[in-house]
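Below you'll find the structure, written out as structure tokens, and then a few comments.
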Amino acid sequence: IPELGTYSSCNTLISLSYSGSPFVFIKGQLVSEIVPIQINAVSFSVSPLLPSGLNLDSLTGIISGTPTEITSAANYTVTATNNIGDTVSSTLNIKVNDIPPSNLSYSNLSPVYSIGQVVTNLPTVTGVVTGYTISSALPPGLSFDSATGIISGTPTAVDPLKNYTITASNSGGSASASFTLTVNDVAPSIAFSPNTLVATKGSAITTQTPTATGGAITGCTVSPALPAGLA
């Protein structure tokens, strides 16, 4: 009789736990096996079903596999049963993130634009992106689309060379690209009318003033040198 009592006591004792929760996995990446700490369990079940691609071994309670779908954080209850039908449960929190984006770049990483120039600078990236951010505001007239990462618009003011960093993100992580951007003034254009001048040696000429269009003129040069006495 004492032997039978000891046997009964050993077989009614049951426990179950999992170490490491919450678990965060990446879609498409093999997970390290999650091994339960258990006593006297002979079968296991889980509710609700694990994320697609993950499996619970009904004999060992080990969770393994490669998740195939993105899922938000959720609780999953594993129930262990011993050989006389006693049960005990343990709850795990599991989340599956997307594969992080990578290889972010732009069609032009060092653009030099002019005032009034229509601009479109497109990103290329590997993987799914849920949003883009930029490190600082673009020059006036240019805009940044946080959904697509596209830089577009028409610059309206001179802006010296600046460095920018754009980051593409999803639930699994992010990728960044750095580039420089400069906005110059519109190139000036000048003309003289008439564009032919006949002068007489020793006689002052009428000052010839050009008409100018485009951006502000910061300096003028002439080639070849003017005749002696003219400036």
Residue by residue through the stretch 74-86, what is 3J(HN,Hα) from phi via Karplus (6.51 cos²θ - 1.76 cosθ + 1.60, θ = phi - 60°)? Round to whole Hz and write x for glycine and proline. 8, 8, 10, 9, 9, 10, 9, 10, 8, 6, 10, x, 6
Enter the per residue convex hull volume of the stretch 90-137, computed from alpha-carbon coordinates, in Å³ rounded to the nearest integer. 121
In debye, nearest 20: dipole of the chain around its Cα centre with unit charges on the Cβ of K, R (+) and D, E (-)? 960
Using a 1.4 Å probe over the heavy atoms of the protein chains, calculate the carbon and sulfur portion of the accessible area of the chain as a whole percent. 56
Per residue solvent-accessible surface (Å²) - the chain, probe of 1.4 Å: 60
Quick one, can you get me the convex hull of the C-alpha atoms of the stretch 1-115 expressed as volume per residue in Å³? 115
Beta bridge orientation in the chain: antiparallel %, DSSP, nearest 5: 85
At q = 0.14, 0.15 Å⁻¹, the log10 of I(q)/I(0) for the chain from a Debye sum over equal Cα scatterers comes to -0.94, -1.00
Enter the accessible area of S17 (Å², nearest 10), with the probe set to 1.4 Å and all protein chains included. 50
On Cα atoms only, tilt of 2-12 relative to the major axis of the chain in degrees: 20
Can you tell me the equivalent ellipsoid semi-axes for the stretch 98-217? Use √(5λ) from the Cα gyration tensor, largest first, whole Å. 49, 11, 10
Could you work out the relative contact order of the chain, using alpha carbon pairs under 8 angstrom and six or more residues apart, expressed as a whole percent? 15
Only helices counted: for the chain, with every DSSP H run of 4 or more residues adding -39500 (n - 2.57) and the sum spread over all residues, [θ] at 222 nm is -1500 deg cm²/dmol
Linear extension gain, N184 paired with V118, 0.36 nm per residue minus alpha-carbon span: 22.4 nm
Considering the chain as a Gaussian network with a 10 Å cut-off on Cα pairs, which listed residue, T126, T180, T213, attains the greatest mean-square fluctuation? T213
Taking a crude spin-label model, label points 7 Å out from Cα along the C-beta direction, the T126 to A228 distance in nm is 7.1
In a Gaussian network model of the chain with springs linking alpha carbons closer than 10 Å, the residue among T91, T209, T81 that fluctuates most is T209
Per DSSP, loop chymotrypsin sites (Phe, Trp or Tyr not before Pro) in the stretch 113-197 with at most 13 further Cβ within 10 Å: F192
Applying a 10 Å radius around every beta-carbon, put 93-102, 152-161 in order of their mean neighbour count, most first. 93-102, 152-161
Comparing V183, V129, V42 in a Gaussian network model of the chain (Cα, 10 Å), the one with the largest mean-square fluctuation is V42
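The values are calculated or read from the model by the stated rules, or taken from the named source; none is laboratory data. Bear in mind the structure is a predicted one, so any value in this text is a computation, not a measurement. Quick reminder, even Gly has a Cβ in these numbers, built from the backbone with ideal geometry, and neighbours come from all protein chains shown. Please note that ligands, DNA and RNA were not included when accessible areas were found on the heavy atoms of the full protein model with its side chains. Shrake-Rupley method; radii C 1.70, N 1.55, O 1.52, S 1.80 Å.
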